[in-house]
1. How big is segment 318-401 by Rg and Dmax over its Cα atoms, in Å?
2. Got the relative contact order for segment 197-334 handy, in percent, Cα pairs under 8 Å and 6 or more residues apart?
3. Taking every eigenvalue of the Cα gyration tensor of segment 164-234, multiplying by 5 and rooting it, what semi-axes result, largest first, whole Å?
4. Which of the following values of Rg and Dmax of the Cα atoms in Å was calculated from the structure shown: (i) 24.8, 89; (ii) 20.3, 72; (iii) 21.6, 72?
5. Translational diffusion coefficient, Stokes-Einstein: compute it for segment 197-334 using the Kirkwood radius over C-alpha pairs as Rh, at 25 °C and 0.890 mPa s, and state it as an integer in µm² s⁻¹.
6. Can you compute the modelled spin-label distance between LYS178 and GLN59, with each label point 7 Å from Cα toward Cβ, in nm?
7. Just want the answer: with Cβ charges of +1 for Lys and Arg and -1 for Asp and Glu, which residue in VAL71, ALA247, LEU142 is farthest toward the dipole's positive end in the chain?
8. Of the listed peptides 200-210, 363-373, 65-75, 276-286, what is their order by residue-averaged count of other C-beta atoms within 10 Å, with the highest listed first?
Amino acid sequence: MTYSAAIIGGGPAGLMAAEVLIEQGVKVDVYDSMPSLGRKFLMAGRGGLNLTHSEPFEQFISRYGKRKNEVQKWLTDFTPDDLREWTGGLGVETFVGTSGRVFPVGMKTSPLLRAWLKRLADSGVEFHLRHRWVGWNADRSLKFETSEGEKTLHADAVILALGGGSWARLGSDGAWVKWLDQAGAEVKPLKPSNCGFDVKWSPHFQEKFDGQPIKSVALSFGEFHRQGEFIVTKDGVEGSLIYAASASIRDEIEARGETVITLDMSPDRSEEWLVEKLSKPRGSRSMSSHLEKTIGLKGVKVGLLYEFMSKEDFTYPERIAAFVKRMPIPLVAPRPLDEAISSAGGVTFESLDENLMLRSMPGIFCAGEMLDWEAPTGGYMLTACFASGRAAAAGVLKWWGKANPSMSPKF
């Protein structure tokens, strides 16, 4: 008997599930609402595709926070090293950057995706584009909206790999939430993850510093302390250092309405050193010139001092030094979900069995970002999406194997 599987979603999780199943002799059809596959995957690699990270496995697992135990099950079977080996099998070699992040040689997503889609097609996977899934019929058949009208189909198993709710223009619009709710699954509201935040800048600061990077600063928020950089926008702040702390910042704003992050704008200097230098006579120099000449502070960092310090504060070197070392920036709201790099929330693990199958609908499996987990940027999201696709496919085979032992996983 040949089993059939319908995979809805043509991103890393869905395509990896397709690869596992086709290798086991399953008839595999992949459906996607967009005109081409892997659009968000391609966008993620626009500035250089960060596939995974080379740090020790225990440290890698810790990046998944509250859901690290669930995600670890996927990553034990498909580790970051396995991902690099798999990428090499597609003819795309990888390298480790100075930060420990792993990139394909050439840095681009398109050669990897092209080679992967060709291998899947050559193996017999069939792709169906511009097929927007819109739920189930009463007989549990799948419904799709297409350019040719509504289509209905049956499959022996279904893997949903529909993404989260960010970057809707690329297909991840979260429209699936209502269909899963109706199916009896518990779905936590989708929220922005790896996102920027709003700050009530003054009009002058907005106009002068929109788009300016803030480099070599240390951000503190609760237990989070890290050095890096981010960008000022007209609406607030965004960028790698902000994204790294975004989950806890978002949750604090959700609980309290707003919060404050603290910046050390001179992390390599002590407060005492700053006071000593700033205590030198200013003479006829402007305060901005004095700050640059004595402690090397200029541009947007000086702008932040003027934004949050009073005129009187500038007359005391101790107060200036204190603000340089502990600049408070009030954040009032996360940026909208559609602007976020990824999303939190989604189908809860309590709604799924150990094989990622919906308890309320046997034969329906879930994978990827649509599950209730999140991770920082740095290759962590992608690695877990790949691994979850393999886990869901293995779950399908185990489920079938109960009825037909010959279909149990062979890997």
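1. So, for segment 318-401, Rg and Dmax equal 19.9, 71 Å respectively.
2. Numbers: 211 pairs, mean separation 44.7, N = 138.
Averaging sequence separation for qualifying contacts and normalising by length gives 32 percent for segment 197-334.
3. On the way: eigenvalues 240, 59, 24 Å².
Square roots of five times the eigenvalues give 35, 17, 11 Å.
4. Entry (i).
5. On the way: Rh = 15.4 Å.
Result for D is 159 µm²/s.
6. Result for the modelled spin labels: 4.6 nm.
7. Farthest along the dipole direction, towards plus: ALA247.
8. Values: 200-210: 14.5, 363-373: 26.4, 65-75: 17.2, 276-286: 12.0.
The most tightly packed comes first, giving 363-373, 65-75, 200-210, 276-286.
None of the figures in this text is laboratory data; all of them are computed from the coordinates on show. Keep in mind that this is a model prediction, so the values were computed, not measured. Glycine gets a Cβ as well: all are built from the backbone with ideal geometry, and neighbour counts include every protein chain shown.
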